[in-house]
1. Could you tell me how far the Cα centroid of region 9-44 sits from the Cα centroid of region 101-121, in Å?
2. Given axes a ≥ b ≥ c from the Cα gyration tensor, I'd like to know whether the chain is rounded (a/c under 1.5), prolate (a/b larger than b/c) or oblate.
3. Keeping all protein chains in position, work out how much accessible area I103 exposes to a 1.4 Å probe, and write it in Å² to the nearest 10.
4. Output wanted: per-residue J couplings in Hz (rounded whole) for region 3-14, from phi through Karplus 6.51 cos²θ - 1.76 cosθ + 1.60, θ = phi - 60°, x for Gly and Pro.
5. Just reorder D59, D33, D76 by solvent-accessible area, largest first, 1.4 Å probe, all chains present.
6. Using a 1.4 Å probe and ignoring any ligands, DNA or RNA, find the accessible area of L35 and quote it in Å² to the nearest 10.
7. In sequence order, what are the phi-derived ³J(HN,Hα) couplings for region 41-51 according to the Karplus relation 6.51 cos²θ - 1.76 cosθ + 1.60 with θ = phi - 60°, rounded to whole Hz, with x for glycine and proline?
8. What lysines does K23 reach when the alpha-carbon gap must be under 24 Å and sequence neighbours fewer than 8 apart in one chain are set aside?
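The values are calculated or read from the model by the stated rules, or taken from the named source; none is laboratory data. Everything numeric in this text was worked out from a predicted model, so none of it was measured. We work out accessible area using only protein heavy atoms, side chains counted, and drop any ligands, DNA or RNA first. Shrake-Rupley method; radii C 1.70, N 1.55, O 1.52, S 1.80 Å.
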Amino acid sequence: MTIIITGGAGFIGSNFIFYMMKKYPDYRIICLDKLTYAGNLSTLAPVMGKPNFRFVKMDICDREAVYGLFEEKNPDVVVNFAAESHVDRSILNPEIFLETNIIGTSVLMDACRKYGIGRYHQVSTDEVYGDLPL
Ligand SMILES: NC(=O)c1ccc[n+]([C@@H]2O[C@H](COP(=O)([O-])OP(=O)(O)OC[C@H]3O[C@@H](n4cnc5c(N)ncnc54)[C@H](O)[C@@H]3O)[C@@H](O)[C@H]2O)c1
């Protein structure tokens, strides 16, 4: 099983990578991240040397690069954590939020459709998905 995890140098994505690599040591995990102010490569130091882990510095909005990676790696699953997530910053610079959160998501979904990826997970917030009745 090969999984592309985008935004994996961020808060939740990095913890998801640690969880998956521990629980499924046979899976091949590829982390795609642009390393914005929110991403920190040193967070991934515990998994960086592992043979089944690979880090790729890439922007999810870069359609050509994303298609190239999907073609090369042929993932079974894609999980998207890459986002502009700091709401306060959207007031200062809304455009980057539209680019990453909307265009970037669209590029990933197009890539999944183009390369027949069986499963795509879009990580988002309760503002988008709504509340669970817990
Ligand atoms: N942190 C929370 O408490 C929380 C709660 C609910 C939902 N979420 C959602 O989970 C997701 C991840 O949140 P987080 O807190 O881990 O975010 P984060 O800001 O810590 O990390 C985002 C990661 O995405 C990368 N990134 C940003 N733009 C990119 C681009 N164009 N291409 C590739 N990589 C890019 C950054 O470099 C960073 O590593 C977001 O959708 C967020 O809304 C987070």
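1. 19
2. Values: a/c = 1.41, a/b = 1.27, b/c = 1.11.
It comes out rounded by the Cα gyration axes.
3. So the heavy atoms of I103 present about 90 Å² to solvent.
4. Whole-Hz 3J(HN,Hα) from phi for region 3-14: 10, 9, 10, 9, x, x, 8, x, 5, 7, x, 5.
5. On the way: D59 45, D33 15, D76 70 Å².
Heavy-atom accessible area, descending, gives D76, D59, D33.
6. Accessible surface of L35 is approximately 50 Å².
7. 4, 5, 4, 8, 3, x, 10, 4, x, 6, x
8. Candidates past the 8-residue exclusion: K50, K73.
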